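The values are calculated or read from the model by the stated rules, or taken from the named source; none is laboratory data. Model, not experiment: these values are computed from the prediction. Positions of Cβ are generated from backbone atoms using ideal geometry, with glycine treated the same way; all protein chains shown enter the neighbour counts. We work out accessible area using only protein heavy atoms, side chains counted, and drop any ligands, DNA or RNA first. Shrake-Rupley method; radii C 1.70, N 1.55, O 1.52, S 1.80 Å.
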Amino acid sequence: MHFRLPVLLGTIAFIVTSCNTQQKKEASLIKAAPELETPVVQKLSDAERILAATYKAHGGDLYSTAAYSFTFRKKEYNFVNKGYQFRYEVNYEEKGTQITNVLENGTLTGFENGKEVRLTQKDIDKYTEALNSVIYFATLPHKLNDKAVNKAYKGTTKIKGVSYDILEIMFEQEGGGKDFDDEFHYWINQETHIIDYIAYNYTVNEGGVRFRVAFNPRKVGGIHFQDYVNYKAPLGTPLKDLPSMYENGTLEEMSKIKTEDIKIKY
């Protein structure tokens, strides 16, 4: 049995040497490995958190590939979204002429009876603003995620006994459009996360203050659409005062904003 001892000792020595070598390799790897950075979790602001919930409630990711047509004030509108790409179109008849304006990724082209026409810069600006405005309100809050949008949380309030979060929306001059200095307030239902009230002031055409009350909510293809009663307030009225003025009946009703005959475009 004694002849096995050297073999056994040699085996033990080999194992110990192998373990030491492996430990040295592991230590070397650990020392050489770069330190992993702890991922930084970006905390959403109150405004971002509320807008994210609102965006989801109104349609969420469906907006990225949305393609719809609808009628507004006897004009037919179409919009197609493909991520950051978009195509807006309006068709209507004016003095026997069929007018079509197409806004594609920020470039407007005009047609009369199917033929492209040359437009002045003044007309381009006017038609672009009008087409953008209609699609903007019809697809709220889709465009509130644009880079040019500045959003701020303005606390909570109650309107007719219902609790609301208030978002203030303003725009950067670059990318904010011609009316970048307009100011908006949105009152978002804390339970449904739907925009029930909108207020805004504007400076063009001598300026104005408006308050919109949503009605006729419905889902079409998973996206939330609604109509509005449009009220007028005296010029210079702070937007935060409009809900109480609405409850008191001191706002002047101007019109109804109806998005009708909504259809999904396949």
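If the condition is being part of a loop (DSSP other than H, G, I, E, B) and buried (at least 17 other Cβ atoms within 10 Å of the Cβ), then the range 61-96 contributes only Ala66.
Take the conditions in contact with a Phe, Trp or Tyr (Cβ under 9 Å, 6 or more places away or on another chain) and either surrounded by 10 or more Cβ atoms within 10 Å (Cβ to Cβ) or at pLDDT below 90 (or both) and apply them to Phe3. Does it pass? No; evaluated as a whole, the condition is false for this residue. Criterion applied to Ser244, Ser163 was being part of a helix (DSSP H, G or I), surrounded by fewer than 19 Cβ atoms within 10 Å (Cβ to Cβ) and more than 18 Å from the chain's Cα centre (by Cα), and the one residue passing it is Ser244. When the range 183-197 is limited to residues that are touching a residue at least 40 places away in the same chain (Cβ under 8 Å) and more than 16 Å from Ala47 (Cβ to Cβ), the one that is most open to solvent (accessible area, probe 1.4 Å) turns out to be Thr192. Taken over the range 139-152, the residue count meeting the criterion of being aliphatic (A, V, I, L, M), at pLDDT 95 or above and under 12 Å from the mean Cα position of the chain (by Cα) is 1. From the list Val204, Val220, Val213, the lone residue that is touching a residue at least 12 places away in the same chain (Cβ under 8 Å), under 20 Å from the mean Cα position of the chain (by Cα) and open to solvent by 20 Å² or more (accessible area, probe 1.4 Å) is Val220. In the range 116-126, of all residues being assigned to a helix (DSSP H, G or I) and out of contact with any Leu (no Cβ under 6 Å at 6 or more places or on another chain), the one that is least open to solvent (accessible area, probe 1.4 Å) corresponds to Asp123. Listed by first and then second residue, the pairs linking a residue in the range 248-261 that is closer than 7 Å to Asp227 by Cβ to a residue that is among the β-branched types (Val, Ile, Thr) and at pLDDT 95 or above, with Cβ atoms under 8 Å apart and 6 or more places separating them unless they lie on different chains, are Lys256/Val229; Ile257/Val229; Thr259/Thr71.
Just one residue in the set Asn101, Asn145, Asn113 is touching a residue at least 24 places away in the same chain (Cβ under 8 Å) and open to solvent by 60 Å² or more (accessible area, probe 1.4 Å); that residue is Asn145.
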